Amino acid sequence: MVNNVAMRFSENKGRFLENLVAIELFRRKSYWFNDWFIFYWKDYQQNEVDFVIKDRLKIDQLIQVTYDSGKDEIEKREINALLKALELLKCRNLLIINWDYEDEARMGNKKVVFKPLLEWLIKV
């Protein structure tokens, strides 16, 4: 459907993945996690986090979504935004959902998990 409606699907892959993750997050909220609140975060320096998951009174997870599929391909701004949000929101559960790269990266005492989209989608 996207290919028929949009002329340049390849340029929209990142947005398509973000929409897919958003739909899945709201599905999980409606079925299993009724106390979740799902937000978007942006600070005055234009750092953005795609999804902030709040469970009741506590920020539970920060999620970035990107089509890039390798640690060297994933832009530093994705990681830097997560680290900036970690400082302000006091959440240590950092996740980058990407096309097909799986790993964990440590930056001092901070850990960022890289998860492929398909694996994230099938795990609740």
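Read-outs throughout are calculated quantities, based only on the coordinates presented, and are distinct from any laboratory measurement. Predicted model, so just to flag it, every value in this text is computed and none were measured. Every residue, glycine among them, receives a Cβ derived from its backbone with ideal geometry; neighbour counts consider all protein chains shown.
For Asp68, which sequence-distant residues (separation of 5 or more, or a different chain) have an amide H within less than 5 Å of its own amide H, given hydrogens modelled in the peptide plane?
Trp99
For a quick check, take a GNM of the chain with Cα springs below 10 Å and name the residue from Ala85, Ala22, Ala105 with the largest mean-square fluctuation.
Of Ala85, Ala22, Ala105, the most mobile in the Gaussian network model is Ala105.
Mind running the shape call on region 53-119? Use the C-alpha gyration tensor, a ≥ b ≥ c as the square roots of the eigenvalues: rounded below 1.5 for a/c, prolate if a/b tops b/c, oblate otherwise.
Note, shape of region 53-119 comes out prolate.
Please identify, among Gly14, Gly108, Gly70, the residue showing maximal mean-square fluctuation in a Gaussian network model of the chain using a 10 angstrom Cα cutoff.
Gly108
Just how large is the dipole of region 28-122 about the Cα centre, in debye to the nearest 20, putting +1 at every Lys and Arg Cβ and -1 at every Asp and Glu Cβ?
560 debye
Choose one answer from Val113, Val21, Val52: the residue with the largest mean-square fluctuation in a GNM of the chain with alpha-carbon springs under 10 Å.
Result: Val113 has the largest fluctuation of those listed.
Taking only the alpha-carbon atoms of the chain, what semi-axes of the equivalent ellipsoid follow from 5 times the gyration tensor eigenvalues under a square root, in whole Å, largest first?
Listed largest to smallest, the semi-axes of the chain are 22, 19, 14 Å.
As a check on your grasp of the helix formula, calculate [θ] at 222 nm for the chain: sum -39500 (n - 2.57) over DSSP H runs of n ≥ 4, divide by the residue count, round to the nearest 500.
Roughly -10500 deg cm²/dmol at 222 nm, from the helical runs in the chain.
Of the DSSP beta bridges with both residues in the chain, give the percent that are antiparallel, rounding to the nearest 5.
65 percent
With an 8 Å Cα cut-off and a minimum separation of 6 or more residues, compute the relative contact order for the chain in percent.
17 percent
In a shell of Cβ-Cβ distance under 14 Å around Lys76, excluding Lys76 itself, what net charge do Lys and Arg (+1) and Asp and Glu (-1) give?
-3
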